[in-house]
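The values are calculated or read from the model by the stated rules, or taken from the named source; none is laboratory data. What you are looking at is a predicted structure, and each value in this text was computed from that prediction instead of being measured. No Cβ is skipped: glycine too gets one built from the backbone with ideal geometry, and neighbour counts run over all protein chains shown.
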Ligand code: 8YV
């Protein structure tokens, strides 16, 4: 009998779905919500594997999932899972690193440019028919080239942001990370410094950290108060790393010059969010990795990981390989 697999909250490209269906019996859940939660949990209890994204799956949902061997998240971040709980249950979790690094760094760097040069605000100005004479100081932006780029979290994506800033825009790079990244230090003349120095000295502060118990709410009022009044704050990782009311207050008090945000505490961002009132905030709908090419590559990577795990082979991108014997 074919192993059963659940696909949830993500359409797989047809060739990838076919690859899965060749070996597994597939059940698809387009959404996971209050209305179908019981049905979804019942399906988990029958499944050997799962593949999907963007749904918070707490440990209690897996009690009784005795056949479940592997979950492939179609994302690099895996904060929607209790990894220790999965490991205890013998369920391996895989993610999709590498394939989304460059696209996500492109998104983050586009926020650097868009906030500093007021791209969205001024494009709207033109569309609204307000461009009626040569623009003046009121429409001027801020230079990006040559300014100091501070990166909190210099992993794969942070390093790709550093390359764009340093090699493309001549920006000195400061970074703070759990450990030194000697490769990016050499490639981008990136200088390791304390979080305080980074916050104080950077013209652009990019958060490229995973969401963990340590990073949750780690950028708050005290951190915004340390930033230069002319600094731009960019978040392309997870909304919950930032204390959003403190960010709103920093914008209100003009403690920072602007913010570029791809991620929010609540997604989709509620239409009445105070963040949407600020012309100097560029808000995107979590598009970090959202290109045709990259989302395809992520699906492909996740399917490979899942099929490997279900075949008893150690998957290339296991987050907790120790969960099972390979
Ligand atoms: C996705 C992401 O938008 O990979 C991640 O961690 O945040 C994004 O690439 C999201 O997880 C849905 O796949």
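For the reader, a short list of remarks on this structure follows.
- Count - residues of region 92-110 that are near the ligand (Cβ under 10 Å from one of its atoms) and in contact with a strand residue (DSSP E or B) (Cβ under 9 Å, 6 or more places away or on another chain): 2
- In region 71-91, residue surrounded by the fewest Cβ atoms within 10 Å (Cβ to Cβ) [restricted to those that are more than 17 Å from residue 159 (Cβ to Cβ) and near the ligand (Cβ under 10 Å from one of its atoms)]: 80
Results for (1) part of a loop (DSSP other than H, G, I, E, B); (2) modelled with pLDDT of 95 or more; (3) assigned by TED's automatic domain parsing to the domain that holds residue 266, shown as yes or no for each residue.
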| residue | (1), (2), (3) |
| --- | --- |
| 17 | no, yes, no |
| 25 | no, yes, no |
| 31 | yes, no, no |
| 51 | no, yes, no |
| 75 | yes, yes, no |
| 78 | yes, yes, no |
| 93 | no, yes, no |
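- Out of 249, 322, one residue alone is free of Cβ contacts under 8 Å to residues at least 60 places away in the same chain, in contact with a helix residue (DSSP H, G or I) (Cβ under 8 Å, 6 or more places away or on another chain) and more than 16 Å from the ligand (Cβ to nearest atom). It is 249.
- Residue 289 fulfils the conditions (1) within 14 Å of the ligand (Cβ to nearest atom); (2) out of contact with any helix residue (DSSP H, G or I) (no Cβ under 6 Å at 6 or more places or on another chain); (3) over 17 Å from residue 216 (Cβ atoms) except for a single criterion, (2).
- Checked against the criterion of being assigned to a loop (DSSP other than H, G, I, E, B) and within 18 Å of the chain's Cα centre (by Cα), the candidates 67, 106, 98 yield just one match: 98.
- Residue within region 304-317 that is modelled with pLDDT of 95 or more, part of a loop (DSSP other than H, G, I, E, B) and buried (at least 16 other Cβ atoms within 10 Å of the Cβ) present: yes
- Evaluating residue 209 against the criteria (1) modelled with pLDDT of 95 or more; (2) more than 21 Å from the chain's Cα centre (by Cα) leaves one unmet condition, (2).
- Near pairs, Cβ below 7 angstrom, 6+ apart or cross-chain, from region 304-318 (in the same structural domain as residue 51 (by TED's automatic domain parsing)) to any residue that is crowded, with 22+ Cβ neighbours inside 10 Å and assigned to a helix (DSSP H, G or I): 315/305; 315/309; 316/305; 317/301; 317/305
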